[in-house]
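The values are calculated or read from the model by the stated rules, or taken from the named source; none is laboratory data. Computed from a predicted structure; not experimentally measured. All Cβ positions, even for glycine, are placed from backbone atoms using ideal geometry, and neighbour counts span all protein chains on display.
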């Protein structure tokens, strides 16, 4: 699956993908293309758990002011945040129990599983999930 494919229906961003975008890493152009193509019917989503992971990483690396600026910048993007409600949390817990992945990664994978949209990441932890969800690798 590519971001220029006419069948592209949207994506779920992992914190890895957002950090690539923010730090202008090698995966940034692909994430930028996804955000540019985002519409109500082709959304780019992130769970609040994964967004929280982005913010704590930025805060740890660059301080609280940078984390606040990042949140303000992300609020301006066509990136829809999804609450960690009951259904998402239960699927994430099952995935975390079944696979050696971080709890935050379990939320990204669970959101992918529930929506049918691919998870976008470069995190090697997602390799064990390849038969559970579609993954777009950065």
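The table below gives the values:
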read-out: Among the residues listed as 77, 69, the single one being within 21 Å of residue 112 (Cα to Cα) and either at pLDDT 95 or above or surrounded by 13 or more Cβ atoms within 10 Å (Cβ to Cβ) (or both); value: 77
read-out: Residue in segment 16-36 that is free of Cβ contacts under 8 Å to residues at least 40 places away in the same chain, exposed (fewer than 13 other Cβ atoms within 10 Å of the Cβ) and more than 20 Å from residue 138 (Cβ to Cβ) present; value: no
read-out: Count of segment 47-73 residues which are in contact (Cβ under 8 Å) with a residue 40 or more places away in the chain and in contact with a helix residue (DSSP H, G or I) (Cβ under 7 Å, 6 or more places away or on another chain); value: 6
read-out: Residue match in segment 97-108 (condition: surrounded by fewer than 20 Cβ atoms within 10 Å (Cβ to Cβ) and either under 10 Å from the mean Cα position of the chain (by Cα) or without any contact (Cβ under 8 Å) to a residue 12 or more places away in the chain (or both)); value: yes
read-out: Residues of segment 1-34 that turn out to be assigned to a loop (DSSP other than H, G, I, E, B) and modelled with pLDDT of 95 or more, as a count; value: 7
read-out: Residue 87, sole failed condition from (1) farther than 17 Å from residue 47 by Cα; (2) surrounded by fewer than 14 Cβ atoms within 10 Å (Cβ to Cβ); value: (1)
read-out: Of all residues in segment 45-66 being over 21 Å from residue 86 (Cα atoms) and surrounded by 14 or more Cβ atoms within 10 Å (Cβ to Cβ), the one that is farthest from the chain's Cα centre (by Cα); value: 66
